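Notes follow once the structure below has been shown.
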Amino acid sequence: MEAKPRVLDFTELINSRIGNASLNNSGNAAYCRPDSLDKQLVRGKIVVCDYGADFGPALGLTVKKSGGVGVIVAYVKPDFLMAEAYLTPGLSISSSNRQLLFDYMFSTANPRATIQFRGTQLGIKPAPVVADFSSRGPNKQSRYVMKPDVIAPGVDILAGWSQLNPPTRTPEDKRRTEFNIISGTSMACPHVSGIAALLKGMNPDWSPAMIKSAIMTTAYTHDRDGNPILEEPFYSTSTPWDMGSGHLDPQKAQDPGLVYDITSDDYVEFLCASNLTKKDIKIITRRSSAECESTLNPWDINYPAISVAFEASKPYIKMIVVKRTMTNVGDEMSNYTVAVNGPKGVSVTVDPPELVFKSKGEKLSYMVRIVPYKVPSLKYKSEFGHFVWSDGTHYVTSPLVVTWHA
């Protein structure tokens, strides 16, 4: 027999900001900090607490100790909402809903509320969205290696949980569980790691770079409704600085068609081209010698994305030519043609525009010429595009990022 949803119906809804004269400490009371609430004012009521130093369950406990029967944790600034294991009846609301709630509360002398728990809600839109806590680019170590690479599920993930700790990590929480809802990059990491292990199991001869390439070039950049993936907290359209190549797709990553491979020597050449000292290169590579004889440019590392920069201090650089090499891991005989969606302010040509592979494992190279024709007025600006190699079945997509530095 299906259980009916539990309905909590309370007679009044108050906010700790209202009636500051009745509060012991109005500044702390807004955030429901310990010993800040007036018990006579709070008793028997739902209390709205601004999200601050403490997390939701801790605020709920503060309200409960003061005699309150429920808590609404309101985010003050645009931010992402996370599921939390409240010990008391409680919920979290966004900053926009916070304002709507305040508008209602200040419109009547006797605001009333009902908290109704409806269980897990499916089909929430838009999805996916780049989480507020997700690492953002550009790459501070090298402007020629795009970061992030990809995004992966990391918000409200059902994950294994140690029974040594309660789900809220608070001493008052005596519950124990084998699973918990967790958010963070620590949740996105095992998704990517698991997919990498899957690809390695399917292709034991693939290098780590080939596995990364398969994940990056098959990622998607549109949500379930076909709209561009948005980013929190402002819900603007994501760029490669937010999502890298896009959201990983495990199914497509199993059959990427073409991949970009990188050897350990390629990485050393990249370090040399990046003007690191011999001492630094020795520390990074753990090699006894670090002779730099390569004449390559740092943007020539065989990465599944292209990121270049034009600098005002080097006006003589009128064009950047980028070399890439692709390895066929698909059909024996395959013809790939390229389609380019160039960033604003530059013209982009790919030579050759067609790659004809005659065998599996064959490697073919191409050149990308990037010529700026319009310099932005801003001191620092990045423009984004992409290009796709396709044989009609596989779509090998790479972001193309151009940055101008004053």
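The values are calculated or read from the model by the stated rules, or taken from the named source; none is laboratory data. Note that the structure is a prediction, hence the values are computed from the model and not measured. Because the Cβ atoms are built from the backbone with ideal geometry, glycine has one as well, and the counts that use them run over all protein chains shown. For the accessible areas, the whole protein counts, side chains as well, though only heavy atoms, and no ligand, DNA or RNA atoms are used. Shrake-Rupley method; radii C 1.70, N 1.55, O 1.52, S 1.80 Å.
Points to keep in mind about this one:
- Ratio Rg/Rh, restricted to the stretch 120-211 and using Cα atoms, in which Rh is the Kirkwood radius: 1.07
- Heavy-atom accessible area order for 279, 39, 45, largest first, 1.4 Å probe: 279, 39, 45
- A cut-off of 5 Å between modelled amide H atoms, ignoring neighbours fewer than 5 places along the same chain, links residue 347 with 371, 373.
- Calculated FRET value between residue 344 and residue 280, using beta carbons and R₀ = 45 Å, to 0.05: 0.80
- Within the chain, helix-based [θ] at 222 nm, where runs of 4 or more DSSP H residues each add -39,500 (n - 2.57), nearest 500: -5500 deg cm²/dmol
- Probe 1.4 Å, protein heavy atoms only - accessible area per residue of the chain in square angstrom: 54 Å²
- Considering only 155, 398, 34, and ranking their Cα positions along the charge dipole of the chain that arises from unit charges at the beta-carbon of Lys, Arg, Asp and Glu, the one farthest toward the positive end is 34.
- Distance between the 7 Å Cα→Cβ label points at residue 136 and residue 179: 3.4 nm.
- Tensor-based shape of the stretch 268-406 (alpha-carbon gyration tensor, a/c under 1.5 rounded, otherwise prolate or oblate): oblate
- Across the options 251, 329, 144, the greatest Cα extent toward the positive end of the charge dipole of the chain (unit charges at beta carbon of Lys, Arg, Asp, Glu) belongs to 144.
- Taking the accessible area of the chain, probe 1.4 Å, and keeping the other protein chains in place, the carbon and sulfur fraction comes to 53%.
- You can think of it this way: the chain between residue 319 and residue 254 has 19.8 nm of extra reach, that is 0.36 nm per residue less the Cα-Cα gap.
- Placing +1 on the Cβ of every Lys and Arg and -1 on the Cβ of every Asp and Glu, with no other charges, gives the stretch 303-406 a dipole of roughly 540 debye about its Cα centre.
- Other residues with beta-carbon under 9 Å from the beta-carbon of residue 331 carry, at +1 per Lys or Arg and -1 per Asp or Glu, a net charge of -1.
- Estimated distance in nm for a label pair at residue 265 and residue 121, the labels positioned 7 Å out from Cα along Cα-to-Cβ: 5.8 nm
- The stretch between residue 35 and residue 114 holds 25.8 nm of extra length on full extension. This uses 0.36 nm per residue minus the Cα-Cα distance.
- By the rule of a second cysteine Cβ within less than 4.7 angstrom, the chain holds isolated cysteines at 189.
- Value of D in µm² per second that Stokes-Einstein yields for the chain, Kirkwood Rh from Cα pairs, at 4 °C (1.567 mPa s): 52 µm²/s
- Cα pair distances of the stretch 199-305 binned at 10 Å [whole percent]: 14, 31, 28, 22, 5, 0
- Placing unit charges on the Cβ atoms of the charged side chains and taking the dipole of the stretch 207-330 about its Cα centre, the candidate lying farthest along the positive direction among 307, 215, 285 is 285.
- About its Cα centre, the dipole of the chain is roughly 1040 debye, where the only charges are +1 on Lys and Arg Cβ and -1 on Asp and Glu Cβ.
- Calculated Rg and Dmax of the stretch 128-283 using C-alpha coordinates, Å: 18.8, 57
- Exposed-site-free run, longest, the chain (rule: GluC sites (Glu not before Pro); DSSP loop; at most 11 other C-beta within 10 Å): 3-177
- For the stretch 299-352, the fraction of C-alpha pairs more than 18 angstrom apart is 47%.
- DSSP loop chymotrypsin sites (Phe, Trp or Tyr not before Pro) with at most 13 other Cβ within 10 Å excluded, longest remaining stretch of the chain: 118-233
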